[in-house]
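What follows is a single structure, written as structure tokens, with notes after it.
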Amino acid sequence: MGRIIHVELTAAGLDAAAEFYTKAFGWQLTPSGFVDGYLVAETGAGDGIDAAIMKREYQQQPAIVWLEVDDLDATCAAVVAAGGTADHEAQEIPGVGRLSYVRDPEGVVLGIRQPAG
């Protein structure tokens, strides 16, 4: 369906950004076990989604919305058919699923994830 499940914020200064979000909003940040320069953020209990802060060298766009999809390959094909682009080959993260970045016709980067399982 394309439900929003996650958001990534990019930062030129990862440590400074981590300090800001921890002090300003109480986020609990932990380094990813899979990607250097990627901090997973627990944003608190209740309604909402968690986030991450990553080095801007990975993506230049300041914020990236992640969507959950049933079929990553079919979604990449649908994005291209609708006028967007599929920028990267899919990656597999154990226990998380297959994921990739795509762009809409305006160039906005979106993350898409097919859950593991």
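So here's what we get for this one:
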| item | result |
| --- | --- |
| Neighbour cut-off at most 13 other Cβ (10 Å), DSSP loop, GluC sites (Glu not before Pro), the stretch 1-66 | E57 |
| Cut-off 15 Å between beta-carbons: net charge of the residues surrounding L72, Lys and Arg +1, Asp and Glu -1 | -4 |
| Calculated from backbone phi, Karplus (6.51, -1.76, 1.60) coupling profile of the stretch 103-112 in Hz, x at Gly/Pro | 10, 7, x, 8, x, 6, 7, 10, x, 10 |
| Lys, Arg +1 and Asp, Glu -1 on Cβ, resulting dipole of the stretch 30-91 about Cα centre, debye, nearest 20 | 300 |
| Antiparallel DSSP beta bridges within the chain, percent to nearest 5 | 75 |
| 3J(HN,Hα) from dihedral phi, the stretch 63-69, Karplus parametrisation 6.51/-1.76/1.60, rounded to Hz, x for glycine, proline | 9, 10, 8, 10, 10, 8, 10 |
| Rough spin-label spacing in nm, given labels placed 7 Å along Cα→Cβ, for F34 and Y58 | 1.0 |
| Fully extended contour minus Cα-Cα distance, from E19 to A74, at 0.36 nm per residue | 15.9 nm |
| The chain: most fluctuating residue of P105, P94, P62 per GNM, C-alpha cutoff 10 Å | P94 |
| Heavy-atom accessible area per residue - the chain, 1.4 Å, Å² | 60 |
| Surface share of carbon and sulfur [accessible, 1.4 angstrom probe, percent] for the stretch 9-88 | 55 |
| Angle in degrees between helix 14-25 and the longest Cα principal axis of the chain, rounded to the nearest 10 | 70 |
| Computed helical MRE - 222 nm, the chain, DSSP H runs ≥ 4 contributing -39500 (n - 2.57), nearest 500 | -5500 deg cm²/dmol |
| Under 5 Å, built H, 5+ apart or other chain: amide partners of W27 | T22 |
| Cα centre as origin, Lys/Arg/Asp/Glu Cβ charges: the chain dipole, Debye | 180 |
| Rg and Dmax [Cα atoms of the chain; Å; Rg one decimal, Dmax integer] | 14.5, 43 |
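The values are calculated or read from the model by the stated rules, or taken from the named source; none is laboratory data. Please read these numbers as outputs of a predicted model, since none were measured by experiment. With ideal geometry, Cβ positions are generated from the backbone for all residues, glycine too; neighbour counts draw on all protein chains shown. In case anyone asks, the SASA skips ligands and DNA or RNA and just uses the protein heavy atoms, side chains included. Shrake-Rupley method; radii C 1.70, N 1.55, O 1.52, S 1.80 Å.
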